[in-house]
Every structure is written in structure tokens, then in C-alpha cells.
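K.L.:
Let me give you the structure first, and then I'll get to my questions.
Each value in this text was obtained by applying a stated rule to the coordinates, not by laboratory testing. Everything numeric here is computed off the predicted structure, so don't read it as measured data.
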Amino acid sequence: MIKVFENFDFSRVGQMQSLLESHGIKTFLKNQYGSSVMGEVPFVEVVPQLYVLDENDLAQAKQLLQLDLPVEQPAEDWVCDKCSVKVDGTFDRCWKCGSDRG
Ligand SMILES: [Zn+2]
């Protein structure tokens, strides 16, 4: 059993599990109920972890996980059409007038 993914966000780990399972890769989810025992065990013990059962699937699993990871792109600042203020690229709406990015 090989660990391929871990994340404090359980839904993210679950997402990855269904992704792998949909490609016929057998997986195992550890610490699925971690949040319910939070505080009773060391924090590091309750990070939901995704394992691949068969190491022959490892390469494919890693590839799938990589494809699905959001690509970090430096968002460029943009200028609002309506009020001409500069808006941080991480936002899709003008912080001043609320209009959508043009
Ligand atoms: Zn605006």
C-alpha cells in the first residue's frame, strides 16, 4: 500500500479517490473519520490520506493526481471597464463596483 495523496481537506481527498477509482485503480482511504477524533490524537495522525493498494498502479495514479491539480498561474491584474480601478488578478469581480471582469 503506497500513499499517493494527503490533504486536510477531506472532500479533496475523496475527490482524488473517486478519480483514481474511476480509472480502475484500487484505493484505500485512511483517517476518513479523522475530524471526529480531532483533539484526541496528534493532529498529524488525522490527515486524510489516500493509498494505492497495488504498486503497479502507482505511476498511473500519480499521473492522474497531477493532471487534476490546479495549475498555479500568476493571475494578472485587470482594470475594471466601468470604474477603471485596478483589480487584483485573483478576483473575478471589481472590488469597487462589483462588475464582472470584462
Ligand atoms: Zn469597477
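K.L.:
Under 29 Å from the Cα of K26, which lysines turn up, not counting those fewer than eight places away in the same chain?
P.N.:
K3, K62
K.L.:
Further, regarding this structure: Please turn the phi angles of the stretch 87-101 into ³J(HN,Hα) values with the Karplus equation 6.51 cos²θ - 1.76 cosθ + 1.60 (θ = phi - 60°), one per residue in order, whole Hz, x for glycine and proline.
P.N.:
Result, rounded to whole Hz: 10, 4, x, 7, 9, 9, 10, 5, 6, 9, 10, x, 7, 5, 4.
K.L.:
In whole Hz, with x marking every Gly and Pro, tabulate ³J(HN,Hα) for the stretch 47-63 from phi via Karplus 6.51 cos²θ - 1.76 cosθ + 1.60, θ = phi - 60°.
P.N.:
Along the stretch 47-63, the couplings run 5, x, 10, 10, 10, 9, 6, 9, 5, 5, 8, 4, 4, 5, 4, 5, 5 Hz.
K.L.:
Amide H of G89: which non-local residues (sequence gap of 5 or more, or other chain) have their own amide H closer than 5 Å, using H built in the peptide plane?
P.N.:
Here the answer is D77, W78, since their amide H atoms fall under 5 Å of that of G89.
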